[in-house]
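Values quoted throughout were computed directly from the atomic coordinates according to the rules given, and no laboratory measurement underlies them. All of these numbers come straight from a predicted model, not from anything done at the bench. Reconstructed Cβ throughout: ideal geometry from the backbone, glycine too, with neighbour counts over all protein chains shown.
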């Protein structure tokens, strides 16, 4: 079983920009009395042990903070501990079985009553009552991103969404408005507005006529899209939808301030990065436009992906890297079948060879392909030799051949390949291995984390 370091509310990481030293979460599987137990430890990517594999759970709640859950039956197992990434400082004790999402959502729904009759209320973690006890049912307290939250209220008159910030209720939405889509972005959140419900004349069903739109952080509906339209979240201040002029379809680029620009119809407009976005036309050809709709790369290519500092373009089976001005830098080596964004050293993992699929992804390695690294000028720095590879970060890269380990820029192993599974999450790596003869050890004194931080 693989476990990620992510919490129950992954949106926390969308809105945080800090990056710290790469860490490795180690998982060992142990068996005692036919009961499987997964135990966790923490290493940095160079192989230095931060915490040994002795803990029931380790999860990150910030880029530099981890919640440690002791083994059941061990000393102080009734408490979780919040530590810094160095593993040497206890920040505070936390109640056992604390859900990670509770660190993101400062509200708790309370149900009081008996004999099947309950009143619901909403309390802030600072003790304030935000919604007084009510016969209405309160449910689904969720983080919406950008410091906003929502609670759903079920009443005899119908369901309603309640919008909150960190201080309390901001607005209660009309019963015909509900949240949809992803988290707040650019201060705006996707909604669906039900305009009409038409009973089916030939049966018990009904037809709902609704429009998609966006609501701001005050609860005000800011944009309503044309019928039969759906828009992705705002990205870098822009989103898109389609409209018609007679029988002609076209794409509308919408800014968060309300400005619009029309351009030719694209089947898909991917999220904007900076001033540009990858587009896909009706013939499934890829290109790129700017925020005014101007074509930067004609939609004639097999595949286009924006790496940020560079742009990957695939045409006629050949991968090329373009600069931010959309000018070609160089072609990747013959036989390249996948390219990943570069690491912090400017090297791109790429794969060659292997067994091609009959049809399939446009930028994924073939079966049995080999991975190497190439720099931003087209010079191969490490020839393809690995079964898999991730970009370099802080001087090291995760590779497998077939077991997972990490290498430095000379292709020498920093962590010997000894792990059966590994996965990079943001700037961290989760690895796991099964240990057949694992024996339980006494957990050190939790009052002094320095005793077992190495």
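In table form, for the structure just shown:
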quantity: The range 160-260: C-alpha gyration tensor shape, a/c 1.5 cut-off, then a/b vs b/c; calculated: oblate
quantity: Residue order, fewest to most beta carbons within 10 Å, for 178, 166, 161; calculated: 166, 178, 161
quantity: The range 111-225 shape via C-alpha gyration tensor axes, a/c threshold 1.5; calculated: oblate
quantity: Ranked list, fewest to most other Cβ atoms within 10 Å of each Cβ, for 153, 248; calculated: 248, 153
quantity: Förster radius 60 Å - calculated FRET efficiency between residue 172 and residue 410 (Cβ-Cβ, nearest 0.05); calculated: 0.45
quantity: Computed FRET value (nearest 0.05) for residue 383 with residue 328, which takes r as the C-beta separation and R₀ as 22 Å; calculated: 0.40
quantity: Using a Förster distance of 25 Å, the FRET efficiency for residue 283-residue 307 (Cβ separation, nearest 0.05); calculated: 0.55
quantity: Within the range 139-182: backbone nitrogen closer than 20 Å to the residue 206 label point (7 Å, Cα to C-beta); calculated: 153-161, 173-180
quantity: For the range 275-357: rounded, prolate or oblate by the Cα gyration tensor [a/c cutoff 1.5]; calculated: oblate
